[in-house]
Amino acid sequence: MSTRLEPGDRAPDFTALTDTGTFTLADHRGKSVIVYFYPAAMTPGCTTQACDFRDSLSTLQSAGYEVVGVSKDSPEKLAKFRAKEGLNFTLVSDPDREIQRLYGAWGEKSMYGQTVEGTLRSTVVVDPDGKVALAQYNVKATGHVAKLRRDLDLH
């Protein structure tokens, strides 16, 4: 089980493969970064959530936010996901779930009446100084981006 982050915590830095190269969080200091964790590319809920981020990206970017999606999927699967859904933000591969553990997005959850370990659908907003501005855990795939925009006071 991993420890959840709280506002004011230092966001753990990470470097990981993406479908187009590598991403290092520290390279984005001075900007706000929305890091969201989802279980698996090309599944219904994860596709809904990714498409909501895609459709809201211009609003988020104009308010100074970058979006990064993190899952256990390989860079190859992420490239297929990007192409199929026209995704326009960074997709990070976390096959060993190390980033998910650092961010508190890995742990026990209930699926179909069973307790399993897995990705906890979560979103962490990292401020320009590298600190956690907002941390939301066990979010819903549908409607999450709209709620996030409200929480960030973006309309």
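The values are calculated or read from the model by the stated rules, or taken from the named source; none is laboratory data. Here the structure is a predicted model, which means the values were calculated and not measured. Heads up, the Cβs are rebuilt from the backbone with ideal geometry, glycines too, and the neighbour counts pull from every protein chain shown.
When the stretch 104-118 is filtered for residues that are modelled with pLDDT of 90 or more and either surrounded by fewer than 10 Cβ atoms within 10 Å (Cβ to Cβ) or of a type in the set (A, V, I, L, M, F, W, C) (or both), the ones remaining, listed by number, are ALA105, TRP106. Can you tell me which residue among ARG54, ARG29 is touching a residue at least 24 places away in the same chain (Cβ under 8 Å) and either under 21 Å from ALA141 (Cβ atoms) or among the β-branched types (Val, Ile, Thr) (or both)? Being touching a residue at least 24 places away in the same chain (Cβ under 8 Å) and either under 21 Å from ALA141 (Cβ atoms) or among the β-branched types (Val, Ile, Thr) (or both) holds for just one of ARG54, ARG29, which is ARG54. For the stretch 60-73, the criterion of being loosely packed, with under 15 Cβ neighbours inside 10 Å and either over 22 Å from VAL125 (Cα atoms) or at pLDDT below 95 (or both) is satisfied by no residue at all. Filtering the stretch 17-46 to residues that are among the hydroxyl-bearing types (Ser, Thr, Tyr), under 20 Å from GLU76 (Cβ atoms) and surrounded by 19 or more Cβ atoms within 10 Å (Cβ to Cβ) leaves only TYR38. Where strands (runs of 3 or more DSSP E) fall entirely within the stretch 16-130, those with at least 2 residues that are among the hydroxyl-bearing types (Ser, Thr, Tyr) are at 22-24, 32-37, 65-71, 90-93, 114-119, 122-126.
Mind checking whether some residue in the stretch 44-63 is on the phi > 0 side of the Ramachandran plot and over 14 Å from the mean Cα position of the chain (by Cα)?
Going residue by residue through the stretch 44-63, those that are on the phi > 0 side of the Ramachandran plot are none.
No, that holds for no residue.
Considering (1) on the phi > 0 side of the Ramachandran plot; (2) in contact (Cβ under 8 Å) with a residue 40 or more places away in the chain; (3) not hydroxyl-bearing (Ser, Thr, Tyr), the lone condition that ASP94 does not fulfil carries the number (1). Among residues of the stretch 101-155 being in contact with a strand residue (DSSP E or B) (Cβ under 7 Å, 6 or more places away or on another chain), of a type in the set (Lys, Arg) and touching a residue at least 60 places away in the same chain (Cβ under 8 Å), the one that is farthest from VAL68 (Cα to Cα) is LYS131. Restricting the stretch 2-15 to residues that are assigned to a loop (DSSP other than H, G, I, E, B) and closer than 20 Å to ASP73 by Cα, the residue that is farthest from the chain's Cα centre (by Cα) is SER2.
Being out of contact with any Asp or Glu (no Cβ under 9 Å at 6 or more places or on another chain) and under 23 Å from GLY21 (Cβ atoms) holds for only one residue in ASP127, ASP153, ASP73, ASP96, and it is ASP96.
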